[in-house]
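Here the structure comes first, spelled out in C-alpha cells, and everything after it is commentary.
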Amino acid sequence: MNFPIEVNNKIIIARKGETILEALTRNGLKVPTLCHMTELNPTGSCRMCVVEVEGKANLITACSHPVEEWMKIKTHSPRVVNARKTNVELLLSNHPDDCLYCDRNGNCELQKFAAELNIRERRFTGKKNKYKTDPSGSSIVRDQAKCVLCGRCVRTCDEIMGVSTLGFIGRGNTTIIGPSFNRQLNLSSCIACGQCIMSCPTGALHEKRHSADLQHALHNTEKHVVIQYSPTLSISIGEELGMKPGKDLYGIINAALRKMGFDKIFDAAFAADLYIVELAAEMEKRMRSGGMVPMFSSDCPAWVKHVEQTYPEMIPHLSACKSPQQMFGAIIRSYYTTTFHVDIDNLYTVSAMPCTARKFESKREQMTQKGISDVDAVLTTREFNQFIRLNGIDTHQLEPEISDSPFHVQSSAGKLMGATGGLTEALIRTLYSRLAGKEIAQPKITEVRNVKDYKEYYMKIGEFKLGFAIVNSVKYAEKIINEIKAGRDDIHFVEVVACPGGCVNGGGQPFSNDQNIAKARIKSIYDNDEKDPIRFAHKNPAILDLYREYLGQPGGEKSESLLYTTYSKREVSL
Amino acid sequence: MSDILDEIIKRNINVHRDSLLPLLQEIQNELGYLSDESINRIGQLTGMPTSKIYGVATFYDQFRFNPKGRFHIRVCHGTACHVNESMNIIRELERILKIKQGQTTRDGMYSLEVVNCMGACAVAPVMNINGKYMPAAEVNKIKDIIEGFVSNSSVYENCQ
C-alpha cells in the first residue's frame, strides 16, 4: 500500500512497512548513515540518520523507524544537522586522530562525515582511546582504538557470514568489540573472510599488509619475482581508475605489472583451470572407487578453516586438492624453476587476490615445501591498486599485453570461479568429458548461476546421476551438512564460497556500499564466458602441455605430491 | 566438575540469547565464577556462539571470570560510597594486592570485586571481606584492616 508523506515541504510516496530511510532513499533523498547497512538488521545506535518529525519531541532514527501516513519529515533542518554534527564531534572526542597514519586515510566514513559536516574545531576533548592493536591474525589486523562501536562488523559476522566471531564485550563507555574471551584473533573462530573489513567505516579493521615486503623484493636484483593475479582482479580494479564497474582490464594489468618490473606475470586463471582438472579427476576417483561422497570444494580457504573448526568430522569430505593459488605456487616452485633454471632460493612468489583469507592460507603449515611457503606474499585488490599507484604507473597510457608463457593461456571456465556457482559449472564441463567420454553439448548452465543462498542441481552424466549443491556464504552450509550427517546421499558435490556472491565480493575488494558493483562484476564474468574461444579447463593447451611435460596425468602421482594437501582439526571457541 | 556443568546446562537446554541469564547465574552459584570452559560448554550444548555468551556475561557486573580468592573483598561503588571517594579505596586495594578489580591474586588468597550498592549507605564508603562489613573505610587504614581481618580469621589459623 502506498501513501503520501511530506518531506521537506514536498510530497513523496511511501510504502507501508518500509522504514523512513528506505522511503527517503527510494525517492532520491540522501540521509547520512553510519551504523546502517542495507543487508543488516537496523539498530539505530549511531544516530547519524536522525530526522525531525513534526509532532515528535525527539529526533527519530530514520533507519529503524517505520514510516507512517501522518508524517511530516525534515531531513536537513538546522536542529537535525546540529544533532548529527554533535554526534560526530562526540565520536571524534576519543578517536586517536591519526588520520595521516591510518589505513583508511582518504576513504574513511568518519573522516567523510567530519568534512561534510564542516567540523573545524574540537569542542569536546575526551579521554583518547588507548588499546593495543591486535596483529596476531595472519590476514586481519584489529585496531580497537579506531573503533566507533557501530557494530557493523559484529552484525556482518553474525548475520551475513553466520560465523559470529566478533561480539560486544563489556558495557557503557568501556565497551569494546572482540572475539570470545577477548582473545587474540589468531586464537578465535575467525575464518579470515574479511567481510568485517568491508563493513568497517573506519580503520579499526584492515588487512595485514604484505606490500612493503614486496617492494623490497621487487627492487632486489638478485630476486626473481613472479606474480600470479586472480582473474577477478582484472574486473575489480577499474572502478578506482574511474571506469565503470565490472570493466575487464585483463591486458592492462599485464602491462602495468611488466612496467613495475616483475620478472614473470601469470594469470591465476591458469591455476583455476588446473584446479578444475584435478578436482574432476578426484571427483571421478571418489565416484568410481566408493570414496567419501559428497565431496566439498576446497578452493576457498575461509570455508576450509570453517570446516576444520566447526565440522571436523566432515574433513574427509573436503577435496584434497590445494586451492588454485597454492597449486600455482607449488607449480612455480617446482616445474617453473627447473624448466627456466631459476635459483629456488632467489624466487619470490606473489599472489594478488580479491581475498584476505588467501593470506592466511599461504601461511598454512600444510602449504609449505621444506619449511618454505609456496607463496611468499599475498596482496588484496586494495593493496594491488595502491601498489600500482605507489610505483607511479599511469594505467590510462598502457596498451593490453598478454601474460607470460608457459602459463599464458586461460580458459573461461577457470575465470568462472570468481562467482558463486562458477566452480560447479566449470567442474561439470570437465567432469562430463571424463565420465561421459564426450563434451557437453551446452556448456552454459544457467541453473547454477546467480545462486541466492542455496541451490541444488541434478544432472545425468554418463552412467551417473549427480547432485550438486551450491552454497552462497558459509552461513547456509549448516543445513546441507546436517542433512549429509543424517544420511542424505543424492548430493555428490558441494561448492561453498565463504563470501556472499563469490570472490567478486571478497574481503580484499575495493570499499563500496553499492550492491550493484558485485553484480556488474558477475555479469562481466559471464559475458566473457560467452565470447571466449576456450570454455573448457581440460582443453586449455597450456594445461595439456603441463601434463604432457611434467605432471603426467590428472590425479597422478606427481599431482598428488605437489597439488594435494591435508587438513587438520582446529580447537577454537566457536 | 564438567558433569555438574553439563547437568545444569541440559536442564536449561532451550535457552536463547534473551533467556541466558538464569543459566549463567546458576553456573556461577555452582562454580563460584564463569570459567572459559563453562562458556565453551554452553556454546557447544546450546549452539549459541561463545562470543555472544561472553558478551552477555561481561555486560553484567554480577559475573566473575576468575575463581574467588580465600578472602573475597568487595568494595561498594554506589552513589553514597562514590561521593565519599570509594574510588580511592579501590585504587589503594589494587595497589596493595597488585590486581585489578574482578581479578584474583596468583596465590589464590585475595580477590577484589567492585559492586554497585551493598545497602549500607549510612556508613559509606563501605567494603566487605568474606561477608563482613567494614564501615567508613579510610584509604590509609586499608592495609591494617585487611591484615587485621586475615590474622583474626580462623581460615588463616588453620593454614598455619
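Scanning residues 5 or more positions from B:Val114 or on other chains, those with amide H under 5 Å from its amide H are B:Val75, B:Gly102, with H placed 1.01 Å from N in the peptide plane. You can think of it this way: the chain between A:Arg389 and A:Met1 has 134.6 nm of extra reach, that is 0.36 nm per residue less the Cα-Cα gap.
Diagonalising the gyration tensor over the Cα atoms of the range A:1-72 and scaling each eigenvalue by 5 before taking the square root yields semi-axes of 18, 14, 11 Å, largest first.
For the set A:Lys10/A:Lys30; B:Lys98/B:Lys143; A:Lys112/A:Lys247, the pairs lying more than 24 angstrom apart at their alpha carbons are A:Lys112/A:Lys247.
Counting neighbouring beta carbons within 10 Å and listing from fewest to most, the residues A:Phe3, B:Phe63, A:Phe328 come out as A:Phe3, B:Phe63, A:Phe328. Per residue of peptide B:37-50, the mean number of Cβ atoms on other chains within 10 Å of the residue Cβ is 3. With neighbour counts taken as other beta-carbon atoms within 10 Å, the residues A:Glu447, B:Glu37 rank, fewest first, as B:Glu37, A:Glu447.
Each residue of the range A:366-381 was assigned a 3J(HN,Hα) from its phi angle through the Karplus expression (A = 6.51, B = -1.76, C = 1.60, θ = phi - 60°), giving 6, 9, 10, 10, 6, x, 9, 5, 5, 10, 7, 9, 10, 9, 7, 4 Hz with x at Gly and Pro.
Other protein chain C-beta atoms within 10 Å of residue C-beta, averaged over A:564-574: 2. Per-residue packing, averaged as other Cβ atoms within 10 Å, sorts the ranges A:152-162, A:59-69 into the order A:152-162, A:59-69, beginning with the highest. In this structure, A:Ala436 and A:Gln515 have a Cβ-Cβ separation that, at R0 = 35 Å, corresponds to a calculated FRET efficiency of about 0.35. Taking the average, over residues, of other Cβ atoms within 10 Å as the packing measure, peptides B:74-83, B:15-24, A:368-377 rank B:74-83, A:368-377, B:15-24 from highest down. Mind checking which of A:Pro533, A:Ala436, A:Ser199 is farthest towards the positive end of chain A's charge dipole, using Cβ charges of +1 (Lys, Arg) and -1 (Asp, Glu) about the Cα centre? Of the options given, the answer is A:Ser199. For chain A, the longest principal axis of the Cα atoms and the long axis of helix A:515-531 meet at an angle of about 30 degrees.
Near A:Val307, once Lys and Arg are set to +1 and Asp and Glu to -1 for all other residues with Cβ below 11 Å from its Cβ, the sum equals +1. From the alpha carbon centroid of the range A:280-326 to that of the range A:473-492 is 14 Å.
Placing unit charges on the Cβ atoms only, positive for Lys and Arg and negative for Asp and Glu, gives the range A:2-76 a dipole magnitude near 140 debye about its Cα centre. The string of couplings for the range A:236-248 from the Karplus curve (6.51, -1.76, 1.60, θ = phi - 60°) is 10, 8, x, 4, 5, 9, x, 9, 6, x, x, 5, 8 Hz, one whole number per residue in order, with x for Gly and Pro.
Just for chain A, what percent of DSSP beta bridges are antiparallel, to the closest 5? Taking every DSSP beta bridge within chain A, about 55 percent pair in antiparallel fashion.
Computed extension length for A:Ala212-A:Ala115: 31.9 nm, one decimal, from 0.36 nm per residue of separation with the Cα-Cα distance subtracted. For A:Asn82 and A:Thr133, the FRET efficiency from 1/(1 + (r/R0)^6), where r spans their Cβ atoms and R0 equals 51 Å, is about 0.90. Exceedance of the 25 Å cut-off in Cα-Cα distance is limited, within the set A:Lys85/A:Lys244; A:Lys85/A:Lys127; A:Lys223/A:Lys259, to A:Lys85/A:Lys244. Phi-derived couplings, Karplus 6.51 cos²θ - 1.76 cosθ + 1.60 at θ = phi - 60°, listed residue by residue for the range A:200-213: 6, x, 10, x, 6, 10, 8, 6, 6, 7, 10, 6, 5, 4 Hz, with x used for Gly and Pro. If the chain linking B:Phe59 and B:Asn130 were pulled fully straight, counting 0.36 nm for each residue of separation and taking away their Cα-Cα distance, it would gain 23.1 nm.
Laboratory data are not the source of any read-out in this text; all were calculated from the coordinates shown. Just so it is clear, the structure is predicted and the values come from calculations on it, not from any experiment. Because the Cβ atoms are built from the backbone with ideal geometry, glycine has one as well, and the counts that use them run over all protein chains shown.
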